[in-house]
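Peer 1: After the structure tokens below, expect a handful of questions from me.
The values are calculated or read from the model by the stated rules, or taken from the named source; none is laboratory data. This is a predicted model, so every value here is computed, not measured. Cβ: placed from backbone, ideal geometry, glycine included. Neighbour counts: every protein chain shown. For the accessible areas, the whole protein counts, side chains as well, though only heavy atoms, and no ligand, DNA or RNA atoms are used. Shrake-Rupley method; radii C 1.70, N 1.55, O 1.52, S 1.80 Å.
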Amino acid sequence: TIGLIDPETSEFVWASRGFWAKQHDPEPLDDGRILVFDNEGHGGPGKPSRLVAFSPADNGIDWTYTGTNDHPFYSATLGSHQPLSDGHVLVTASQTGRIFEIDREGTILWEYLNPTRRTKQGHAFVPTICSAARISRKRLNFLD
């Protein structure tokens with residue numbers, strides 16, 4: 001379930017459930033839609049994660065991103081996204097140690113892969129990146 005709570009009354013004023021699984025990080029968009037990180041809603045465990053933009057009025061899905069065969073998108077847990085002012089989305093796939101930015105067509109504009117990787121007894125280990133955020137240069141005046 002995704003819901004909105006009125007902090008003054010501590011009551012739900014809107015809630016929805018349905019077409020997602022392990023969803024989190026709902027972000028209201030300026031156009032009235034909500035963008036959600038959906039860890040396993042695109043077919044269950046081991047299937048691609050996805051980002052879903054939907055209309056809260058009718059739960060209609062307006063946009064999704066699930067990755068591609070060349071650049072799969074999956075994080076069984078965690079993960080984050082940040083809608084950017086130009087319409088792009090900054091995405092963190094936590095368990096794969098990956099941060100990337102996509103446009104609304106799903107094109108990867110840039111990506112960062114955590115270079116620290118280990119294999120032990122046939123199992124791959126990648127340090128988790130919990131989340132990333134785009135911060136304006138003006139907020140980083142200590143770098144000047």
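Peer 1: Return the residues of segment 103-121 that are over 18 Å from ASP31 (Cα atoms) and open to solvent by less than 40 Å² (accessible area, probe 1.4 Å); say none if nothing qualifies.
Peer 2: Answer for segment 103-121, where residues must be over 18 Å from ASP31 (Cα atoms) and open to solvent by less than 40 Å² (accessible area, probe 1.4 Å): GLY106, ASN114.
Peer 1: Hey, could you check segment 102-133 for residues that are among the hydroxyl-bearing types (Ser, Thr, Tyr) and at pLDDT 90 or above and say which is nearest to GLY87 (Cα to Cα)? Walk me through how you get there before you give the answer.
Peer 2: Step one: list which residues in segment 102-133 are among the hydroxyl-bearing types (Ser, Thr, Tyr), which gives 107, 112, 116, 119, 128, 131.
Remaining after also requiring at pLDDT 90 or above: 107, 112, 131.
Values: THR107: 12, TYR112: 20, SER131: 19 Å.
Per the criteria, the residue is THR107.
Peer 1: While we're looking at this one, here's another question. I'm trying to understand the selection: among the residues of segment 19-69, which are part of a strand (DSSP E or B) and open to solvent by 40 Å² or more (accessible area, probe 1.4 Å)?
Peer 2: Here is the first cut: in segment 19-69, the ones part of a strand (DSSP E or B) are 23-28, 34-38, 50-54, 61-65, 67.
Listed by number, the residues that qualify are GLN23, HIS24, ASP25, PRO26, GLU27, PRO28, ILE61, ASP62, THR64.
Peer 1: Take ILE135 and tell me if it is out of contact with any strand residue (DSSP E or B) (no Cβ under 8 Å at 6 or more places or on another chain) and either of a type in the set (A, V, I, L, M) or part of a strand (DSSP E or B) (or both).
Peer 2: On the way: out of contact with any strand residue (DSSP E or B) (no Cβ under 8 Å at 6 or more places or on another chain): yes; either of a type in the set (A, V, I, L, M) or part of a strand (DSSP E or B) (or both): yes.
Considered against the rule, which asks whether it is out of contact with any strand residue (DSSP E or B) (no Cβ under 8 Å at 6 or more places or on another chain) and either of a type in the set (A, V, I, L, M) or part of a strand (DSSP E or B) (or both), ILE135 comes out as yes.
Peer 1: Only one of GLY46, GLY3, GLY18, GLY32 is at pLDDT 90 or above and either at positive phi or among the basic types (Lys, Arg) (or both); which? Before the answer, list the steps.
Peer 2: Values: GLY46 fails: at pLDDT 90 or above; GLY3 fails: either at positive phi or among the basic types (Lys, Arg) (or both); GLY18 fails: at pLDDT 90 or above.
That would be GLY32, the only listed residue that is at pLDDT 90 or above and either at positive phi or among the basic types (Lys, Arg) (or both).
Peer 1: If you don't mind, there's one more thing I want to ask. Filter segment 70-87 down to the residues that are in contact (Cβ under 8 Å) with a residue 40 or more places away in the chain, polar (S, T, N, Q) and either part of a strand (DSSP E or B) or over 17 Å from PHE125 (Cα atoms) (or both) and list them by number.
Peer 2: Of everything in segment 70-87, those that are in contact (Cβ under 8 Å) with a residue 40 or more places away in the chain, polar (S, T, N, Q) and either part of a strand (DSSP E or B) or over 17 Å from PHE125 (Cα atoms) (or both) turn out to be SER80, GLN82.
Peer 1: With the condition kept exactly as written, say whether any residue in segment 67-78 is of a type in the set (Val, Ile, Thr) and farther than 21 Å from ILE2 by Cβ. Even if it seems obvious, please write down each step before you answer.
Peer 2: So in segment 67-78, the residues of a type in the set (Val, Ile, Thr) come out as 68, 77.
Of the ones still in play, those that are also farther than 21 Å from ILE2 by Cβ are 68.
Yes, that holds for at least one residue.
Peer 1: Just the residues that are in a loop (DSSP other than H, G, I, E, B) and closer than 18 Å to GLY79 by Cα, please, taken from segment 104-114.
Peer 2: GLY106, ASN114
Peer 1: Now for a different question. Does segment 88-102 include one or more residues that are open to solvent by 40 Å² or more (accessible area, probe 1.4 Å), part of a strand (DSSP E or B) and in contact with a His (Cβ under 9 Å, 6 or more places away or on another chain)? Reasoning before the result, please.
Peer 2: To start, the set of residues in segment 88-102 that are open to solvent by 40 Å² or more (accessible area, probe 1.4 Å) comprises 88, 95-96.
Within this subset, residues satisfying the condition of being part of a strand (DSSP E or B) are none.
Checked against the condition, which is being open to solvent by 40 Å² or more (accessible area, probe 1.4 Å), part of a strand (DSSP E or B) and in contact with a His (Cβ under 9 Å, 6 or more places away or on another chain), segment 88-102 yields no hits at all.
Peer 1: Report yes if GLY60 is under 24 Å from GLY18 (Cβ atoms), modelled with pLDDT of 90 or more and in contact with a helix residue (DSSP H, G or I) (Cβ under 9 Å, 6 or more places away or on another chain), otherwise no. Show your work before the answer.
Peer 2: Values: under 24 Å from GLY18 (Cβ atoms): yes; modelled with pLDDT of 90 or more: yes; in contact with a helix residue (DSSP H, G or I) (Cβ under 9 Å, 6 or more places away or on another chain): no.
In short, no.
Peer 1: Right, another one. Within segment 70-80, count every residue that is out of contact with any Gly (no Cβ under 8 Å at 6 or more places or on another chain) and buried (at least 21 other Cβ atoms within 10 Å of the Cβ).
Peer 2: Here the count works out to 2.
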